[in-house]
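Read through the structure below, which is laid out as structure tokens, and then see the notes.
The values are calculated or read from the model by the stated rules, or taken from the named source; none is laboratory data. Remember, predicted model here, so these are calculated numbers, not experimental data. We place every Cβ from the backbone using ideal geometry, glycine too, and count neighbours over all the protein chains shown. Only protein heavy atoms, including side chains, enter the accessible area calculation; ligands, DNA and RNA are left aside. Shrake-Rupley method; radii C 1.70, N 1.55, O 1.52, S 1.80 Å.
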Amino acid sequence: MRRYFDPAALLLPMAALVSPAHATDYLTVTAAQSLLFPTAKTFAERPLKLSSEQRDRIKELAGVRQRTDEQKMWRAEREGAFLGWLIVDEVVGKHEFITYATALSPDGRVIGVEVLSYRETHGGQIRDMGWRKHFVGKTLADPFKLDQDVPNISGATLSSRNVLDGVKRLLVMHKLYLGHG
């Protein structure tokens, strides 16, 4: 009896070594709008289109690059009064993107941060309110240093740092292009 080698037999054990992507969607944009601006009556979608020069300026001031040339955002209002901006952004965690929403007041203060989708297998603790509350009230005057004004999460250092850097980048964007409301 002759035996033949089947190369596909090697793929099964190798497939067990690769961990599948773990994606969890927690909130929709609409749900984040309601949580971050509970008194708002309207959200006008106002995507911000950025030139390469504007993206370079953001990187210069924030220390991290603006990946996209269009930033998703909504203007929150109640009875004609401007309440602030809701900005949906993505940063890389360790390997995968983290989609989060940041609410900014008209004067450039963080109102809150909500994680919409987390795709990593570890580090989901960045969703914990106890960690996210450290962003509330932050402005560009704050140091934005991990473990200085926002704590690091053991096992989620890259996710923690990248969300922190992302929020700072959004504040820079606000200062440069949104401060007028």
Check your understanding: Which of (1) under 18 Å from residue 54 (Cβ atoms); (2) touching a Gly at 6+ places or on another chain (Cβ under 9 Å); (3) not aromatic (Phe, Trp, Tyr) is the odd one out, the single condition residue 173 does not satisfy?
Key -> (2)
Check your understanding: Can you pull out the residues in region 108-165 that are open to solvent by less than 30 Å² (accessible area, probe 1.4 Å), within 20 Å of residue 25 (Cα to Cα) and of a type in the set (D, E, K, R)?
Key -> 114, 120, 132
Point to revise | Selection from region 29-67 of residues that are surrounded by fewer than 12 Cβ atoms within 10 Å (Cβ to Cβ) and among the polar types (S, T, N, Q) | key: 30, 39, 51, 52
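Condition check ((1) free of Cβ contacts under 8 Å to residues at least 40 places away in the same chain; (2) on the phi < 0 side of the Ramachandran plot; (3) touching a Ser or Thr at 6+ places or on another chain (Cβ under 6 Å)) across all residues:
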residue	(1), (2), (3)
137	yes, no, no
143	yes, yes, no
147	yes, no, no
152	yes, yes, yes
156	no, yes, no
159	no, yes, no
165	no, yes, no
169	no, yes, no
177	no, yes, no
Point to revise | Boolean, residue 110 is closer than 22 Å to residue 38 by Cα, touching a residue at least 40 places away in the same chain (Cβ under 8 Å) and of a type outside the set (Phe, Trp, Tyr) | key: yes
